[in-house]
1. Residues with beta-carbon under 12 Å from that of H50, excluding H50: net charge, scoring Lys, Arg +1 and Asp, Glu -1?
2. Residue separation times 0.36 nm, minus the C-alpha to C-alpha distance between E135 and T33: what's the value?
3. Can you tell me the accessible area per residue over the chain, all protein chains present, probe 1.4 angstrom, in square angstrom?
4. Where does the charge balance sit around C28 when Lys and Arg score +1, Asp and Glu -1, over other residues with C-beta under 14 Å from its C-beta?
5. Which ³J(HN,Hα) values in Hz, rounded to whole numbers, follow from the phi angles of region 13-29 under the Karplus curve 6.51 cos²θ - 1.76 cosθ + 1.60, where θ = phi - 60° and Gly and Pro get x?
6. How many angstrom separate the Cα center of region 1-31 from the Cα center of region 63-106?
7. Using amide H atoms built in the peptide plane, which far-off residues or other-chain residues are under 5 Å from G68 H to H?
8. Hey, with R₀ at 22 Å, roughly what FRET efficiency would A77 and K56 work out to, going by the Cβ-Cβ distance, to 0.05?
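The values are calculated or read from the model by the stated rules, or taken from the named source; none is laboratory data. Fair warning: this is a prediction, and the values are worked out from it, not measured in the lab. Cβ placement follows ideal geometry from the backbone for every residue including glycine, while neighbour counts extend to all protein chains displayed. In case anyone asks, the SASA skips ligands and DNA or RNA and just uses the protein heavy atoms, side chains included. Shrake-Rupley method; radii C 1.70, N 1.55, O 1.52, S 1.80 Å.
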Amino acid sequence: METKEILSHIDHTQLKPYATLEDIYKLCDEAVTYGTASVCIPPCYIKRVHDKYGSKLNICTVVGFPLGYSVTAAKLAETRQAIEDGAQEIDMVINISDVKNGDYDKVEQEIIALKAECGNRILKVIVETCYLTEEEKIAMCQAVTNAGADYIKTSTGFGTGGATLGDVKLFKEHIGEAVRIKAAGGVSTREDFEAFLDAGCDRIGSSSGVALLTKKA
């Protein structure tokens, strides 16, 4: 697989709690240079990035991140502000507590509400697979599909585990045709990137992928 093709599927990510503006601008410069799918950045930096880079960049951000148990009204407010500031893609974290309580319909309704707020912008739903049973993962595939979200995403990268090829395979079996897959967390070698893309991922969230793929031999 060509390096350029792999880079075009990467959400170039910097979500560390201590990320500085300099860190964020470095990320954005790399994204422009190498043609990544987006930059995924903290909400507090969206407006400054949008003002500086404009249409050169596709800005992604996170909502309810990283634990997911914010109330829906708070997630809607975050989403509304992010879009107003210039975000084109929203990666939301589901309420994992609702999943554990078996309240799958509540999770689905929250996704519906956020997708309505996003309109034609992309909504990715982080289900944090490391905390879920297989039954719960399948239920989340159904919830994401029924709610009309654009992507199901494996992980925040802040949980106890990241993406696995097994989870991607499970998603492929249970999501609807219109839902795409994003892997995040633990994709750390060129072989990993190729394997996850070959398995059916459309996006991969990574903070290290650009450096890895573009370093000189």
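1. +1
2. Separation in residues times 0.36 nm, less the Cα-Cα distance, equals 32.5 nm.
3. Per residue, the chain has an accessible area of 45 Å².
4. That works out to -1.
5. For region 13-29, the Karplus curve yields 10, 9, 10, 4, x, 10, 4, 8, 4, 4, 4, 5, 5, 4, 4, 5, 4 Hz.
6. Centre-to-centre (Cα) distance: 23 Å.
7. none
8. The pair A77/K56 has a calculated efficiency of 0.20.
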